[in-house]
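Read-outs throughout are calculated quantities, based only on the coordinates presented, and are distinct from any laboratory measurement. Values in this document were obtained by computation on a predicted structure and should not be read as measured data. FYI the Cβ positions are ideal-geometry reconstructions off the backbone, even for glycines, and counts take in every protein chain you see.
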């Protein structure tokens, strides 16, 4: 099972969200991400297929986005949640 | 010797148009020369870096065409990215590439950030804390070798950053895995001195032609110093990211709590071993 800091990865809400109003489907993020987070589909061209493959706290794909179409959750909230889960697991 | 500005040509995106307008305004205010991006990319010999005392690069969007064209050919003194400045300072975005209605006010609100003086920092280690020579464990994987310092009071994150604790101060940096993944590091974007940050927040970033890597802080605290030498020598991070390629120093606020989320050399070795094996 994949974990981040001892917490199961699927319990951590950290992955990019695509703003389809801004995305121009240039596929820079798809080409950049080595973790297979994005995939191309026939219907909507680009989707976040594997959210839990995304490296927690990594926002590197958003830096490649010329349209500013990728956003991430607020870090402090995610950190608090990870801490709470850690306490539960102890 | 004169100053020069190289900017986005501003024909594709609204933020690019703003980059061009800011550049024109600055060149007027500071009597600097504008380097034509298209001319320079076609005829690099038209401009010589020895002719300029400083070259400021202004990009519009993260494609950073101006930076990419100038890198290695003109010595870049300072870089700005309009899309990031607008976001960071919560400023209004330009309406469209055609509409000029809000452009002047956006340019005016951006100008102070270009005039702001840089954080002044002595280019030496005031602590007398010289780059420490560490003893390393070596993780071998295919043709790669990753150094991991074997050092008491040194800890790591699963985001491939490290901290070395000296009383209530932590020196932080990135690991060998980061520098090898990025390959040649071209820029160090410095963190703000005095900024209070929480663990896992960003402490500056480093950039290669492949990607931008936000340096994830292993600890909570206040940024008290950064490695100013890296501004001129970002390649030091490639040479040794633990010794002369350290990133910043932080005044710690609650290391006991931070420690819960940190791993030691042995644990990081195992973590990295698994990580590189997955990427095959």
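Quick check on my filter: what residues within region B:68-83 are outside any strand (DSSP E or B) and either under 14 Å from the mean Cα position of the chain (by Cα) or over 16 Å from residue B:110 (Cβ atoms) (or both)? Before the answer, list the steps.
Going residue by residue through region B:68-83, those that are outside any strand (DSSP E or B) are B:68-77, B:82-83.
The answer is B:68, B:69, B:70, B:71, B:72, B:73, B:74, B:75, B:76, B:77.
When residues of region A:59-80 are filtered for being within 7 Å of another protein chain (Cβ to nearest Cβ), assigned to a loop (DSSP other than H, G, I, E, B) and over 17 Å from residue B:60 (Cα atoms), how many remain?
Within region A:59-80, the first condition is being within 7 Å of another protein chain (Cβ to nearest Cβ), and the residues that meet it are A:59-60, A:63-66, A:68, A:75-76, A:79.
Now narrow it down to the ones that are assigned to a loop (DSSP other than H, G, I, E, B): A:59, A:64-66, A:68.
Those left that are additionally over 17 Å from residue B:60 (Cα atoms): A:59.
So the answer is 1.
Conditions (1) assigned to a loop (DSSP other than H, G, I, E, B); (2) over 30 Å from residue A:80 (Cβ atoms); (3) touching a strand residue (DSSP E or B) at 6+ places or on another chain (Cβ under 7 Å), marked per residue:
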position	(1), (2), (3)
B:218	yes, no, yes
B:231	no, yes, yes
B:237	no, yes, yes
B:250	no, no, yes
Original post:
touching a strand residue (DSSP E or B) at 6+ places or on another chain (Cβ under 6 Å), more than 30 Å from residue B:97 (Cα to Cα) and either free of Cβ contacts under 8 Å to residues at least 60 places away in the same chain or surrounded by 14 or more Cβ atoms within 10 Å (Cβ to Cβ) (or both), is that true of residue A:25?
Top reply: no
Subject >> Selection status of residue B:197, within 17 Å of the chain's Cα centre (by Cα) and more than 14 Å from chain A (Cβ to nearest Cβ) >> reply: no
Original post:
Does region B:203-222 contain at least one residue that is more than 14 Å from chain A (Cβ to nearest Cβ) and either under 22 Å from residue A:33 (Cα atoms) or surrounded by fewer than 23 Cβ atoms within 10 Å (Cβ to Cβ) (or both)?
Top reply: yes
**OP:** Restrict the check to region B:52-67 and report whether at least one residue is over 20 Å from the mean Cα position of the chain (by Cα), more than 14 Å from chain A (Cβ to nearest Cβ) and surrounded by fewer than 14 Cβ atoms within 10 Å (Cβ to Cβ).
**Re:** yes
Original post:
Under the condition of being surrounded by fewer than 17 Cβ atoms within 10 Å (Cβ to Cβ) and not in a loop (DSSP other than H, G, I, E, B), which residue from region A:37-47 is nearest to the other protein chains (Cβ to nearest Cβ)?
Top reply: A:39
**OP:** Test residue B:90 against the criterion of being in a loop (DSSP other than H, G, I, E, B) and over 23 Å from residue B:28 (Cα atoms), and give yes or no.
**Re:** yes
